[in-house]
Amino acid sequence: MSFLEPLYLAGLLAAAVPLIIHLINRRKAVHQPFPALKLLRESDRKEARSLKVRQWILMALRILAVALLVFALAKPYLLSDASAGSSDRLPSSVVFVVDDSLSMHHGDWWSAATDRLGRELEALKPWDEAALITTARTDGPVGRLTNEKGKLKRAASSLEARQTAGSLPNAILRAGDILSTSELPNRRIVVISDFTAGGFPTSASGVSAVDYPVRQISVREGNDTRPNLAVTGVSYSQQGPAREGRWVVRAEIENFSDRPVEDIEVDLRVEGKVVASRLVDELEAGATRAVSVNHTVKGAGLRRGVVEIGNPDALDDRLDLDNRRHFTFRMKKNVEVLLVNGAPSSVAYRDELYFTVRALNPGQTSESSLVPTVVTPDGLADKTLENFDVILMANVARLDEAASEQLRQFVRDGGGLFVAMGDQVEADAYNERLGPLLPKPLRRIKRLAQRDDPDAPVKITRIGASERTHPVFRIFDMPGGQALQSARVYKYMLLEPTTPEESTVLLSYRDGAPALLERRVQKGRVFLLTTTIDRGWTDLPLRTAFLPMMRRSMLYLARRATSEGEERYAVGDVVKLDVTGLADRRVVVTGPESLRFVLEPEEGMVTLKPPVAGAYTVWSGEGSSEASETASNRLDGLAFSVNVPLQESNLTPLSEGALTPWIDGNDDAEEAGDGTSNQRAGAVERLNLWPGLLFAVTLALLLETLVGTRRSVLRRLWRRVTFQDEPDIEV
Amino acid sequence: MADSEDGYLDPGILEELGNMQVRARRLVDGVLAGLHRSPHHGGSVEFAEYTEYTPGDELRHVDWKVYAKTDKYYVKQYEDETNLRAYLVVDGSGSMDFQSEDAELTKLRYVSFLASTLAYLFLRQGDAVGGLSFGGGERNYLPASSKKTHLEDLFFMLDRLPTGGTTDLGDALRTIAERAPSRSMVLVFSDFLDVTEPELNLLRVLTEQSRDVAAFHVVDPAELTLPYEGLRIFEGLEGEGDLLADPDDLRANYIERIREHMELVETRCREGQIGYHRFATTQPIEEVCLGFLRGRQ
């Protein structure tokens, strides 16, 4: 019990006044000589005790009345979550706001919410009207006030918790709008929610509070501090050459509770099977830990994966939906290589790319994952670079600005670039246009010896040390790997000594000059070979090491499959798919829980709003409807995954007063209110006690009057009321 | 003189009158006016008997011849004298000294007026009147005499009745039984508040000994109704201590109790052939006298 005016309690001292009066009164009896004292005494035996008892009762009643009055002045009230105000008996308009956001899936919160809603609906009087809205929906289920109880109950029983985030403040404002249409005297909002901080706006600037009392009913069981873990992110990337199919899946696990959690099992599940697991020993309260899992996928095509917490029961994590994250990744079959020939020749072996093309695609009959396409520098503009994984420029003199920009963008987006030198290369043009890509700026060509120079064996240099740990050169460290070092080099391009960021030397000449350099430019990689890839400046193409080096370089440079830049969808988001050229009439999207959407493209686009988390597959529905979903018409490139919104994982209770800007914008109104119909804010409803106390004061005073009044007066009054005659006493 | 409407004297006015004789005379005038005829029947002067002398007897009635023979004083009694000897027994205990707001007189004053009126009447018709007052352990006895001057003695006694102390009606009645001859009249004036069964029996014994006994039961109106309000400390008038009580709590029981008591006294008197007269101190005294005299006719 609390008091609005606790200072008035000092008035309790006044309760001593009746006691003092009682003590004084005892001494104030009037002396009365009386002859028939003997007879009086005989009559008094029964009555003496009652006199004393009556005096004490009188005193108690007076003290009680004073104490009750003082208490009433101090305005006591109780905080109660039960609806027990006298205002409840007035016809009421009630808008029930039920939180159906993702966090309500926690444990049995949702069943608690529906139970509570059922009870509240039962408590409605026939003359009350009500509406029912939810936080995760922007309309309905009963968006207008109605007094049809059956309709409300049906809507309540069909409610289900959603997997989307909800906005409690917006729902309250909506409830306020609904209530403003009512003309009943008593209007209020009842919010049934878990009141979690997750997804709640941190700033409340510019919001206007609703003008109605808001009763808040929490479904939490006391101070629930059970841990909640969530997989908050998954990223994946292909490691090494695409052909190896090695993937690294990196997941982020966050601990949303306020205590550390130990022994978290993180599983990677691909196509329904657990393929890898990791154990996180301990995760601090509020901390996020990244967990990387390696996985090798054989074969090409679409793969659906899930990273999930494998032991939620052991961890006592009761919100299951955020314990997993879905993702979709595609295995590429081939690496497309675009070879730009700066010095083509009709004589095959003199062609700049003669050796390279054969190294990448050794024969018509043999299968290779590398698919070379050769163009001239002029033809480069006609090619869509995005379709290629690697571009190799061999002895290209210069590129115009447009092509240079295309190339720069290509690399930034993850493509690989291999630049080989040659006599035509214009160093200045390269530095100017491709400077941001080159591992080091070019200076000039250094000629060591002519081919026919007899002193050539002395003057020339050879390939020297290599970066042995680099994926490309790892195999040259193995037995028989020295073939690279046997290559002779007559000329090479000298480079400026500056070292741009992310630039490393992979291979050097024996004279110390760099031979092969790598630079990472955002998502892409660039190799710069300071000599030629034909026989112009070196005999490297003739060496046995050439073929594996080129192939490994192409695979290494090839665009990596990665989750970066992928669209990430949360439940409730609108997914737009571009099906131009893939399906004209019909698109079928299938998802978890046997969901099936049949969509008609409009201007080449289809849109849908996935209601649950999971992997979704897209099919071209051009064929007959029954046989439409076959492997042949599956659109792997459009497959997508949908996950639950992250913000709902934070189950921390809302801080006190967080809702105040929406439900209590006018403190004065509350102060001036009558205390019953205008109460707002607070986690519970305020139940005022002083009207009852004042009633009790009145009762106590009435009783005091009755007990204090002389019985003779009462008897006389009674006789008057009942029309009895006064009894005569005869002598 | 402001008389009350029915021609009786207001007790308050009576109190203001001068000495007892004036008051008694005024009262008797009223009584006689009410009777319309004199109760005087004339008397015989024939010798009736001798009685032993007691102080107060007239010396002229002493029979000296008998004295010469027997060496004892005997007084000659004549027929007219033996016609009626009345003894006024007046209770002067503490409880009689009570006067409520409604009453003009204390019970004691009231009965003394009443007794003096009756004494005057008796003497006026030649009857002998004696007196006995008691209260607080004190008893004053006056032998019966029909001399006119005896009235002074009676008035003196009634004017100076003892006030206070306990009631000892039993002792008084025993004294009367010893002193009053048979066929005499005994008038007992009391509030009978402390009267007990043995005392009521004594009254009956007096009747059985051929005496004409009448009980004058005086009551103050407050004793019947207990009209007080508010917390009171009731103090007994005969040293019974006091009682703190709210009259409202007691009234019903008390009224029932005092009614029972009065009925008991009345019943016992009626059973013993004793004339019983109950009256409140607010009643005119003449009315009480007339009631008594008419009862006797």
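Pick from segment A:436-460 the residues that are part of a loop (DSSP other than H, G, I, E, B) and touching a helix residue (DSSP H, G or I) at 6+ places or on another chain (Cβ under 8 Å): which of them is farthest from A:Thr499 (Cα to Cα)? The qualifying residue farthest from A:Thr499 (Cα to Cα) is A:Asp453. In segment A:583-603, the residue that is farthest from A:Ser632 (Cα to Cα) out of those that are assigned to a loop (DSSP other than H, G, I, E, B) and in contact with a Gly (Cβ under 8 Å, 6 or more places away or on another chain) is A:Glu593. In summary, no helices (runs of 4 or more DSSP H) completely within segment B:124-237 bear 2 or more residues that are within 25 Å of B:Lys76 (Cα to Cα), assigned by TED's automatic domain parsing to the domain that holds B:Gln273 and small (Gly, Ala, Ser). Screening A:Arg519, A:Arg462 for residues that are closer than 26 Å to A:Arg412 by Cβ, basic (Lys, Arg) and touching a strand residue (DSSP E or B) at 6+ places or on another chain (Cβ under 7 Å) leaves exactly one candidate, A:Arg519. Only one of the numbered conditions (1) of a type in the set (Val, Ile, Thr); (2) surrounded by 20 or more Cβ atoms within 10 Å (Cβ to Cβ); (3) in contact with a Lys or Arg (Cβ under 7 Å, 6 or more places away or on another chain); (4) within 30 Å of A:Arg162 (Cα to Cα) is not met by A:Val489, and that is (4).
Is it true that A:Gln424 is in contact (Cβ under 8 Å) with a residue 60 or more places away in the chain and surrounded by fewer than 16 Cβ atoms within 10 Å (Cβ to Cβ)?
Yes; evaluated as a whole, the condition is true for this residue.
Going residue by residue through segment A:324-335, is there one that turns out to be touching a residue at least 60 places away in the same chain (Cβ under 8 Å), part of a helix (DSSP H, G or I) and either farther than 25 Å from A:Asp539 by Cα or not assigned by TED's automatic domain parsing to the domain that holds A:Asp108 (or both)? So far as segment A:324-335 goes, no, none of its residues is touching a residue at least 60 places away in the same chain (Cβ under 8 Å), part of a helix (DSSP H, G or I) and either farther than 25 Å from A:Asp539 by Cα or not assigned by TED's automatic domain parsing to the domain that holds A:Asp108 (or both).
The condition of being β-branched (Val, Ile, Thr) and over 30 Å from A:Phe527 (Cα atoms) holds for only one of A:Val280, A:Val347, A:Val337, that being A:Val280. Within the option set B:Phe122, B:Phe113, being at pLDDT 85 or above and buried (at least 17 other Cβ atoms within 10 Å of the Cβ) holds for one residue only, B:Phe113.
So which of A:Leu370, A:Leu360, A:Leu399 ends up being over 17 Å from A:Leu557 (Cα atoms) and at pLDDT below 90?
After ruling out the rest, the residue left standing is A:Leu399.
Restricting to segment A:125-177, name every residue that is exposed (fewer than 15 other Cβ atoms within 10 Å of the Cβ), of a type in the set (Lys, Arg) and not in a strand (DSSP E or B). Matches in segment A:125-177: A:Lys125, A:Lys151, A:Arg154.
Among all residue pairs at least 6 apart or on different chains, which show Cβ distances below 6 Å where the first residue, located in segment B:217-241, is without any contact (Cβ under 8 Å) to a residue 40 or more places away in the chain and more than 7 Å from every other protein chain (Cβ to nearest Cβ) and the second is of a type outside the set (Gly, Ala, Ser) and outside any loop (DSSP other than H, G, I, E, B)? Cβ pairs passing all conditions: B:Leu226/B:Pro247; B:Leu226/B:Arg251; B:Leu226/B:Tyr254. Within the set B:Phe292, B:Phe279, the sole residue that is within 8 Å of chain A (Cβ to nearest Cβ) and not aliphatic (A, V, I, L, M) turns out to be B:Phe279. Considering segment B:231-285, and only residues there that are of a type in the set (Val, Ile, Thr) and in contact with a strand residue (DSSP E or B) (Cβ under 7 Å, 6 or more places away or on another chain), the residue that is farthest from B:Phe192 (Cα to Cα) turns out to be B:Ile233. Taking the conditions (1) in a helix (DSSP H, G or I); (2) buried (at least 24 other Cβ atoms within 10 Å of the Cβ); (3) in contact with a Ser or Thr (Cβ under 7 Å, 6 or more places away or on another chain); (4) away from chain A (no Cβ under 14 Å) in turn, B:Val90 satisfies each one other than (1). Checking A:Gly637, A:Gly623 one by one, the residue that is surrounded by fewer than 18 Cβ atoms within 10 Å (Cβ to Cβ), at pLDDT below 80 and part of a loop (DSSP other than H, G, I, E, B) is A:Gly623 and no other. Look at segment A:281-296: where a residue is under 16 Å from A:Ser649 (Cα atoms) and a partner is hydroxyl-bearing (Ser, Thr, Tyr), sitting 6+ places away or on another chain with Cβ atoms under 7 Å, you get A:Ala285/A:Ser257; A:Thr288/A:Thr232.
Any idea which of A:Asn323, A:Asn341 is crowded, with 17+ Cβ neighbours inside 10 Å, polar (S, T, N, Q) and touching a helix residue (DSSP H, G or I) at 6+ places or on another chain (Cβ under 6 Å)?
A:Asn323
When we screen B:Asp153, B:Asp168 for residues that are in contact with a strand residue (DSSP E or B) (Cβ under 7 Å, 6 or more places away or on another chain), under 24 Å from B:Glu197 (Cα atoms), charged (D, E, K, R) and surrounded by fewer than 21 Cβ atoms within 10 Å (Cβ to Cβ), the only hit is B:Asp168.
The values are calculated or read from the model by the stated rules, or taken from the named source; none is laboratory data. Model, not experiment: these values are computed from the prediction. Methodologically, a virtual Cβ is constructed for each residue, glycine included, from the backbone with ideal geometry; neighbour enumeration extends over all protein chains shown.
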